[in-house]
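Structure first, commentary second.
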Amino acid sequence: MERFRFFVVLHCLSKYNGERSIYAIYHLLQGKKSSQTIQDAKLFKLESFFQLMQQLSKKDINDIIFELQTSDVISLTRKDTYILTEKGLFYLENYKKKYPIPPYLNGWKNHKKALLLWQRFSLAVQTLSFLLYENSSFTPVINDDETQRFVKSYLKKIRNRYDTAGEIFNEVFSLLQPLPQMQAEIFVLHLSGYHRVGYTIEQIGSILQLDTEYTFLLFQAVLHYMIDTIETNPIRYRHLMSLVEQDDQSIVPLTQSAQKTYELL
């Protein structure tokens, strides 16, 4: 039970405290667009984890629950609903020390913006890197057509690619400098450029001896921190600001009733 996913399930169960079934965890991590999931995220203060572990299936959740219950870490209160035992509370405290959650992680607010920022930024950096070496032939790290069109349009506006590269470097360095070294390192290792292929999240986790899913969460946390900081200081981070999604639709599209629920909350 040393994997990060066990901590996430225990953390959610402790927040729900027997008021939600285990499938509320699944819907939260999947980012289900429903009034109930919004209520869960807000009322139980679980916005951080919204849509951040979509790789977990219902079977995965059930397998985790089975192992936790078999180990006497959780106790069944009613069908598909559990609370933590004293042993479970002890485990949770140890997990919190092993897997600290960055305070700027906010899946509900930033999950879509984070994806767009990473796609645009990583492709822009890779393309600019190759252009600086007078090489325009490479395999793009992002295959999404819309992202490629966006980056092409962005780069066409650049007058001096060398000055722009230096300014982007300074903006990113300024952003990453206050972060814990490990989080900054995860972000940088994931980037690709000329004669440099970025490491996958799995490879980075192996290099840093971290759980893969926890590595991914830390990477997302860096993106969330960057978005919040950039939007607070758009002039200072003007290059990066141009890569951040400005559309209000960056928050998950909701049904009419779900939108009303969110506004009331």
What's the angle, to the nearest 10 degrees (0 to 90), between helix 212-232's Cα axis and the longest principal axis of the chain?
60 degrees
Skip the ligands, DNA and RNA, and give the accessible area per residue of region 13-141 with a 1.4 Å probe, whole Å².
49 Å²
Within region 1-104, count lysine pairs with alpha carbon atoms under 15 angstrom apart where the residues are 8 or more positions apart or belong to different chains.
7
Expressed as a percent, the accessible surface of region 1-41 that is carbon or sulfur, using a 1.4 Å probe and the full set of protein chains, is 38 percent
Counting only DSSP loop positions in region 146-253, the trypsin sites (Lys or Arg not before Pro) whose Cβ has at most 14 other Cβ atoms within 10 Å are 157, 159, 236
With θ set to phi - 60° and the Karplus curve 6.51 cos²θ - 1.76 cosθ + 1.60, what are the ³J(HN,Hα) couplings of region 129-143 in order, to the nearest whole Hz, using x for Gly and Pro?
4, 5, 5, 5, 9, 6, 10, 10, 10, 7, 8, x, 6, 10, 8
Carbon plus sulfur fraction of accessible area for region 131-216, probe 1.4 Å, in percent
51 percent
Cα pair count fraction exceeding 34 Å, expressed as % - the chain:
26 percent
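Considering Cα pairs under 8 angstrom that are at least six residues apart, work out the relative contact order of the chain and quote it in whole percent.
Values: 294 pairs, mean separation 65.0, N = 265.
Relative contact order, the chain: 25 percent.
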Given R₀ = 41 Å, FRET efficiency for residue 67-residue 188 by Cβ-Cβ distance, to 0.05?
0.70
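The values are calculated or read from the model by the stated rules, or taken from the named source; none is laboratory data. Please read all numbers here as calculations on a predicted model, not as lab measurements. Every residue, glycine among them, receives a Cβ derived from its backbone with ideal geometry; neighbour counts consider all protein chains shown. When the accessible area is computed, the model is the full protein with side chains, heavy atoms only, and any ligands, DNA or RNA have been set aside. Shrake-Rupley method; radii C 1.70, N 1.55, O 1.52, S 1.80 Å.
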